[in-house]
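Here the structure comes first, spelled out in structure tokens, and everything after it is commentary.
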Amino acid sequence: MSLDEKVADGVFTAADAVEGRVPTGVQSTRVLRRRRVLVLTLNAGTYAAFVALFAWLLAHGGFTLLDGLLLLAFCLSTPWTILGFWNAVIGLWLLHGPGDARQSVYPFAGRASDEAPIDARVAVIMALRNEDPERAFARLRSMRAELDRGGAGGRFDWFILSDTTHADIAATEEDLFRAWREELGASPRLHYRRRSDNAGFKAGNIRDFLERWGDDHELMLVLDADSFLGAATILRMVRVMQANARLGILQSLVVGMPSRSAFARIFQFGMRHGMRSYTMGASWWAGDCGPYWGHNAVIRIAPFKAHCALPMLPGRGPLAGHVLSHDQIEAVLMRRAGYEVRVLPEETDSYEENPPHLTEFTRRDLRWCQGNMQYWRLLAMPGLKPMSRFQIAWAILMYVGAFAWVLFMILAALKVFDVERTDEAFPAGLGLALFVLTFLMSLTPKLAGLLDVLFRPGERQRYGGTGRLLGGALLEFLFSVLLGPVVAFRIAIFMVGLAFGRTVTWEAQARDAGRLSWRTALRGLWPQFVFGALIGGVLYTFAPSALIWALPVLVGLLGAVPFAVFTAEPALGRWLIRSGLCATPEEVVPPPCLMSLEAEHKALKASTRV
């Protein structure tokens, strides 16, 4: 098969680009293979040791069917913890070890000069569906104004791609667009399109853009309604894409914007720590087969349009039809076409907003869960790289692991009814050691991120000082312990529902901080309380000594309703802001781009009220 034929068929490989190099030519495929073998060895060895130890503990007194099911649940729920541990450890070493992390992890970025002119024609696209129009337009207006002030705005066209179905919201979108277009005058390079339906959801919305305007542009910056990027970040990403012709998708490291919601504030404080070391470690071995998170990314349009159309899954039911979680599949298709997919593991002005309360958080997670479960039907797509298949399988396992964790809890509670067939004392010390080790490994990404900040005195000050940093970390730790069981059980219930045809609806997310009523919280979280009460009741009645082992989980389940209400309480959010707890650097010293965004949003809201 000729090179042109391979490109046309979407099976162009790294070896075809440059012998022994990845498509951009910046890394050796042999080096990447060695890294992947090392990571596989570390994970497989750790996994085998954990499984062997747990199997030995289960075999005490005889190995029953229940023990076999417990072992299976353990095997399915543990891999995510182990890989997260090693990614974080590798990432922390890269950040503070003797080598050059930039050259080792993302050498492609070094090709781009900060002074290089912007030659590419770039489309900035924002997909909307029943979102707050003022919030969305304020983001686009602020980004455009900053680019125009820097003199680079002439290379960018702006597209609002609406799938809005609510007439009042659509009318506001159209009014804001009309006013902005009139304000800009002649040749505004500004477009608004509203579809009559949302076939294909967000991916279908973007596909429609590609068919209409894609050929007029080389690159597109994909935004969600809550996305915001500073001009320096946009220009850096575009320059990196210009300098690497075989780079198909460049994903920025997205961080949470300062929030008045206590829930969002605490959650994104922990994510901020966990992501940097984890992403650095994962990028070290994933290399050219990196992630795409669906927004805050720059994409090369021609190969994306030619090779990344999503298949329609045949059949009926929640796992058929359009693919909900489009991003990872588009990433593996781009890599199959011979273009790299990379993440830029730097903290830049690339932002998003996180859900303001627990019920909205779980609603978003269920949509992702259903989309990832559709991946079962895409694992066998022809021509994919082995790393790409692994990424699809790993996305599936993220939610299968949560289901298995809940199943493990149920089976562990039933274990109290097993009759011991030996008089030997159970090796409680080893059991406790396995429990503690697994728990600590699950915290490693956030601990590594915290150490990363503590190792840099200047970075500690960006978080408000060492005291506030450590206080916020302790609060976030307690928050995560309470949140984990609640979310895992909600996912488990939903996955059972998927088997019986239950599905999710694709609607706008709630983004504003606001009080959550006790009734609303109880209506959504009573199953967690009932499950926790049943598990706790069984253990208290038949094995009270085991309660201490289950305490972290039981507290989260039994306290789910008050946890949801209190973390959504505006007064708690205000107190956290006053105290400086769980503050991110953008709150301590707001960057100019966020200050401009806030001013733009206020001005736009004031103008719409006139």
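The values are calculated or read from the model by the stated rules, or taken from the named source; none is laboratory data. Note that the coordinates shown come from a computational prediction; the quantities given were computed from them, not determined experimentally. Every residue, glycine among them, receives a Cβ derived from its backbone with ideal geometry; neighbour counts consider all protein chains shown. Calculation scope for accessible area: heavy atoms of the full protein, side chains included, ligands and nucleic acids excluded. Shrake-Rupley method; radii C 1.70, N 1.55, O 1.52, S 1.80 Å.
Listing for the model above:
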read-out: Single residue of 559, 497 found to be over 22 Å from the mean Cα position of the chain (by Cα) and at pLDDT 95 or above; value: 559
read-out: Matching option when the condition is outside any helix (DSSP H, G or I), β-branched (Val, Ile, Thr) and in contact with a helix residue (DSSP H, G or I) (Cβ under 6 Å, 6 or more places away or on another chain), among 416, 332, 343, 406; value: 343
read-out: Near pairs, Cβ below 7 angstrom, 6+ apart or cross-chain, from segment 394-420 (at pLDDT 90 or above) to any residue that is hydroxyl-bearing (Ser, Thr, Tyr) and assigned to a helix (DSSP H, G or I); value: 395/375; 396/375; 401/77; 404/77; 405/77; 408/77
read-out: Residue among 507, 459 that alone is within 30 Å of residue 202 (Cβ to Cβ), modelled with pLDDT under 90 and of a type in the set (D, E, K, R); value: 507
read-out: Helices (runs of 4 or more DSSP H) wholly inside segment 501-604 that include at least 3 residues being crowded, with 19+ Cβ neighbours inside 10 Å and among the small types (Gly, Ala, Ser); value: 518-542, 560-568
read-out: Residue match in segment 199-207 (condition: in contact with a strand residue (DSSP E or B) (Cβ under 8 Å, 6 or more places away or on another chain) and open to solvent by 20 Å² or more (accessible area, probe 1.4 Å)); value: yes
read-out: Segment 137-174 - residue that is among the charged types (D, E, K, R) and over 21 Å from residue 209 (Cα atoms) and, of those, least open to solvent (accessible area, probe 1.4 Å); value: 146
read-out: Selected residue (only one of 483, 434 is in a helix (DSSP H, G or I), in contact (Cβ under 8 Å) with a residue 60 or more places away in the chain, closer than 30 Å to residue 576 by Cα and aliphatic (A, V, I, L, M)); value: 483
read-out: Residues of segment 175-193 that turn out to be open to solvent by 30 Å² or more (accessible area, probe 1.4 Å) and either of a type in the set (D, E, K, R) or touching a Leu at 6+ places or on another chain (Cβ under 7 Å) (or both), as a count; value: 7
read-out: Candidate set from segment 306-326 (those that are crowded, with 20+ Cβ neighbours inside 10 Å and outside any loop (DSSP other than H, G, I, E, B)); member that is modelled with the highest pLDDT; value: 307
read-out: Odd one out for residue 384 among (1) surrounded by fewer than 16 Cβ atoms within 10 Å (Cβ to Cβ); (2) part of a loop (DSSP other than H, G, I, E, B); value: (1)
read-out: Residues that are within 17 Å of residue 125 (Cα to Cα), in contact with a helix residue (DSSP H, G or I) (Cβ under 6 Å, 6 or more places away or on another chain) and not acidic (Asp, Glu), drawn from segment 161-193; value: 161, 162, 164, 176, 188, 190, 192
read-out: Output for segment 228-279, where each listed residue is out of contact with any helix residue (DSSP H, G or I) (no Cβ under 7 Å at 6 or more places or on another chain), of a type in the set (Gly, Ala, Ser) and within 28 Å of residue 115 (Cα to Cα); value: 232, 245
read-out: Residues that are open to solvent by less than 10 Å² (accessible area, probe 1.4 Å) and charged (D, E, K, R), drawn from segment 254-287; value: 265
read-out: Number of the condition not met by residue 470 [criteria: (1) in a helix (DSSP H, G or I); (2) open to solvent by less than 20 Å² (accessible area, probe 1.4 Å)]; value: (2)
read-out: Residues located in segment 244-253, provided they are in contact with a Leu (Cβ under 9 Å, 6 or more places away or on another chain) and either crowded, with 24+ Cβ neighbours inside 10 Å or not polar (S, T, N, Q) (or both); value: 250, 251, 252, 253
read-out: Residue within segment 446-458 that is of a type outside the set (Ser, Thr, Tyr), touching a Cys at 6+ places or on another chain (Cβ under 8 Å) and either more than 29 Å from residue 276 (Cβ to Cβ) or part of a helix (DSSP H, G or I) (or both) present; value: no
read-out: Failed item, numbered, when residue 303 is tested on (1) in a loop (DSSP other than H, G, I, E, B); (2) more than 30 Å from residue 477 (Cα to Cα); value: (1)
read-out: Residues that are in contact with a Phe, Trp or Tyr (Cβ under 7 Å, 6 or more places away or on another chain) and under 20 Å from residue 135 (Cα atoms), drawn from segment 194-214; value: none
read-out: Qualifying residue in segment 500-521 (condition: over 30 Å from residue 323 (Cβ atoms) and polar (S, T, N, Q)); value: yes
